Amino acid sequence: MTVDESLLRTLTPAVIGILGRRGADFAAAEDAVQEALVEAVRVWPADPPRDPKGWLVTVAWRKFLDAARSDAARRLREERVDLEPEPGPAREADDTLQLYFLCAHPSLTPSSAVALTLRAVGGLTTRQIAQAYLVPEATMAQRISRAKKTVSEVRLNEPGDVATVLRVLYLVFNEGYSGDIDLAAEAIRLTRQLAAAIDHAEVAGLLALMLLHHARRPARRKPDGELVPLAEQDRGQWDTALIAEGVEILQAALARDRLGEFQAQAAIAALHADARTADETDWVQIVEWYDELARLTDNPVVRLNRAVAVGEADGAQAGLAALATLDPALPRYTAAEAYLRERAGDPVTAARLYAEAARSAPNLAERDHLTRQAARINASGAG
Amino acid sequence: MAKYLLLKHYRGAPKGVNDVPMDQWTPEEISNHIQYMVDWGKRLETTGEFVEHYALSPEGTFVRYDGEGRPPITDGPFAETKDLIAGWSVVDVDSYERALEVAGELSAAPGKGGKPIHEWLEIRPFLTQPPTITE
């Protein structure tokens, strides 16, 4: 038999929490649990435990004691707290939540918070995280060890901020690299686990947002990697089960009347998911949600996306007028203008702007897409 | 996080401040220069920002396809080539400002007389993966 790695990873935060309750500090507990995970992968195939979590707790605790052995006074303290009973499910959810807060602590840089969350909450190995983010394992090991040092003074019961946790999970989902580890799926798993530990409208909003975008994944790229814009995606390939789940979670969140930016973004994604064809998209409602979103966040990208939506709802000229109020230095401003110019019947300008946008595109897939748009117009003789 | 390439040029970059050819340094100055760059890389490893570090031979040859069934054709090396890459470092940092900061440190490597060479480094962002959520 092979080891169920997803089970191991699901158990990780709870086991760290139990070691913490027995008196281990976070950094030592986290190290001990990683060692126990490695041993589980080695031992379980031949000798599967009846109680996987109990096994992990026992082995991780032994690893922790081995590491702490030189410090006799400390060991005495640990043996005393060893008698503490196992926490119940409610306490365990609480431990897990505290771990999310710690790993997304505001004193950490975004990249450190991402790495620490994936390891301590996600149960990924340093090597897996390094591969996912395309850096050497030694570099990732240092990034994680510095992050642990940074939060070493933080009390585990310190009240945390859900918003910082959500930003970290959003980063994992949205800027995931492609490697052996599916970071988008991992972000969804961690957000589900968070939603189970805390009742919070924005956690639900982020989960819905992720599910609704993940549903489109099969249609987002051609087999050769070429980006397919939303309007041209084969909607038959969208995952209807994920959409249904995302919409249901979103509706329950919105009903609580505690609107936040992730719920508003999810609402926009839900309206796209709702349209059987691109032409059936309810752009008027989408513009209304962008207005909500603009009230909730000062992110200028929202206003750029709103201008494009206005172009769909009220015509390209209206979209260009909305765009004209924004800073042309915004990322993707030129690409948005190119799109609206073509819709407004000015292919010559559109082709020029598409080519210009391609030169400043932040990623290869977008650059190729924009270059193809310019080439398409030029080849049609209109440009 | 974003990756940046820091390019060192043998030729083609603007002249640094302390721009004395390396063969006119003392052996000790050369050792110090190399040690500085090694230490720079090690420091970035401890901050979790180091990706790679490579040096290139100045000797290079051009090569191209020469048609079906024929071996690739080569040309050069061209002694007069304007731009000559000496090597590169790749860093993975949280911001463009941080990339400039670490590049500045690398450019301060000591040269003739133990003084910083103030070498011009070219900094280029990597193209990334497209984000999932764009609308």
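The values are calculated or read from the model by the stated rules, or taken from the named source; none is laboratory data. All values derive from a computational prediction rather than experimental measurement. Heads up, the Cβs are rebuilt from the backbone with ideal geometry, glycines too, and the neighbour counts pull from every protein chain shown. Accessible surface is based on the protein model in full, side chains and every heavy atom, while ligands, DNA and RNA are left aside. Shrake-Rupley method; radii C 1.70, N 1.55, O 1.52, S 1.80 Å.
Quick check: net charge around A:ALA208, other residues with Cβ under 9 Å of its Cβ, Lys/Arg +1 and Asp/Glu -1? Write out the running numbers ahead of the final one.
Details: positive: none; negative: A:GLU245, A:GLU248.
The answer is -2.
Going by Cα centres, segment A:332-383 and segment A:134-212 are how many Å apart?
Centre-to-centre (Cα) distance: 35 Å.
Would you mind working out the accessible area per residue for segment B:2-125, using a 1.4 Å probe, and quoting it in Å²?
On the way: 7740 Å² over 124 residues.
Accessible surface, normalised per residue, equals 62 Å².
Pulled fully out, how much extra length does the chain show between A:ALA90 and A:TRP283, if you take 0.36 nm times their separation in residues and subtract their Cα-Cα distance?
Numbers: separation 193, 0.36 × 193 = 69.48 nm, distance 4.33 nm.
Result: 65.2 nm gained on full extension.
Lys and Arg at +1, Asp and Glu at -1: add these up for the other residues within a Cβ distance under 12 Å of B:ASP75 and post the number. Walk me through the numbers before you get to the answer.
Values: positive: B:ARG64; negative: B:ASP66.
Counting the neighbours of B:ASP75, the net charge comes to 0.
Karplus couplings for segment B:124-133 from phi (6.51 cos²θ - 1.76 cosθ + 1.60, θ = phi - 60°), rounded to Hz, Gly and Pro as x?
My calculation for segment B:124-133 gives 10, x, 6, 6, 9, 7, x, x, 6, 9 Hz in order.
Which percent of the Cα-Cα distances in the protein assembly as shown go past 39 Å?
Numbers: 53471 of 133903 pairs.
For the protein assembly as shown, the fraction of Cα-Cα distances above 39 Å is 40 percent.
Just to be sure I follow the definition: excluding the sites themselves, where is the longest run in chain B that has none of the trypsin sites (Lys or Arg not before Pro) in a DSSP loop with at most 16 other Cβ atoms within 10 Å? Before the final figure, lay out each step's value.
On the way: sites that count: B:LYS15, B:LYS82.
It runs B:16-81.
Which angle from 0 to 90°, rounded to the nearest 10, does the C-alpha axis of helix A:347-359 make with the longest principal axis of chain A?
Approximately 30 degrees, to the nearest ten.
Expressed in nm², what is the orientationally averaged projection area of the convex hull enclosing the Cα positions of chain B? Write out the running numbers ahead of the final one.
Working: hull surface 50.1 nm².
With the hull built on Cα positions only, its mean projection is 12.5 nm².
Rounded if a/c is under 1.5, else prolate if a/b beats b/c, else oblate: with a ≥ b ≥ c from the C-alpha gyration tensor eigenvalues square-rooted, which is segment A:188-322?
Details: a/c = 1.94, a/b = 1.17, b/c = 1.66.
Oblate is the answer for segment A:188-322, as a/c is 1.5 or above yet b/c matches or exceeds a/b.
If you roll a 1.4 angstrom probe over the protein chains with everything in place, what fraction of the accessible area of segment A:88-177 belongs to carbon and sulfur, to the nearest %?
Numbers: 1970 of 3630 Å².
Solvent-exposed carbon and sulfur of segment A:88-177 make up 54 percent of the total.
Using just the Cα positions, wrap segment A:129-214 in a convex hull and report its mean projected area in square nanometres, one decimal place. Each step should come with its number before you reach the end.
On the way: hull surface 25.0 nm².
Averaged projected hull area, Cα only: 6.2 nm².
Grab the alpha carbons of segment A:253-329, take their convex hull, and tell me the volume per residue in Å³.
Values: hull volume 6.9 nm³, N = 77.
Once divided by residue count, the hull of segment A:253-329 is 90 Å³.
Where the centre of each part is set by its Cα atoms, how far does segment A:1-64 sit from segment B:12-50, in angstrom?
45 Å
Per DSSP H run of at least 4 residues, take -39500 (n - 2.57); add these up for the protein assembly as shown, divide by its residues and hand me the 222 nm value, nearest 500 deg cm²/dmol.
Details: 22 runs with 290 residues, N = 518.
Rounded to the nearest 500, the figure is -18000 deg cm²/dmol.
Measure nothing but the geometry: give the 0 to 90° angle between the long axis through the Cα atoms of A:89-103 and the longest principal axis through the Cα atoms of chain A, rounded to 10°.
The angle comes out near 60 degrees.
What is the set of long-range amide H partners of B:ASN18 at a cut-off below 5 Å, with H atoms built 1.01 Å from backbone N?
Distant-sequence amide H within range of B:ASN18: B:HIS118.
Along its principal axes, what span do the Cα atoms of segment A:88-177 show, with the longest given first and each in whole Å?
37, 26, 24
Taking the solvent-accessible surface of protein heavy atoms with a 1.4 Å probe, what is the per residue accessible area of segment A:100-167 in Å²? Show your work: numbers first, answer last.
Numbers: 2760 Å² over 68 residues.
Roughly 41 Å² per residue, with all protein chains present.
Using the Karplus curve 6.51 cos²θ - 1.76 cosθ + 1.60 with θ = phi - 60°, what ³J(HN,Hα) values do you get for each residue of segment B:107-113, in whole Hz, with x for Gly and Pro?
Using θ = phi - 60°, the values come out as 5, 8, 3, x, x, 4, x Hz.
Between B:ASP75 and B:PHE62, what is 0.36 nm times their sequence separation minus the Cα-Cα distance? Round to one decimal in nm.
Values: separation 13, 0.36 × 13 = 4.68 nm, distance 0.51 nm.
Contour length minus the Cα-Cα distance gives 4.2 nm.
With θ set to phi - 60° and the Karplus curve 6.51 cos²θ - 1.76 cosθ + 1.60, what are the ³J(HN,Hα) couplings of segment A:280-297 in order, to the nearest whole Hz, using x for Gly and Pro?
7, 4, 8, 5, 4, 5, 5, 4, 4, 5, 5, 4, 4, 4, 5, 6, 8, 9
What share of the DSSP beta bridges in the protein assembly as shown is antiparallel, in percent to the nearest 5?
Values: 24 of 25 bridges.
Here the share of antiparallel DSSP bridges comes out near 95 percent.
Using a 1.4 angstrom probe on heavy atoms only, work out the carbon and sulfur share of the accessible area of chain B in %.
C and S atoms contribute 58 percent here.
Roughly how many Å is it from the Cα centre of segment A:233-295 to that of segment A:213-230, as a whole number?
Cα centroid to Cα centroid, the span is 18 Å.
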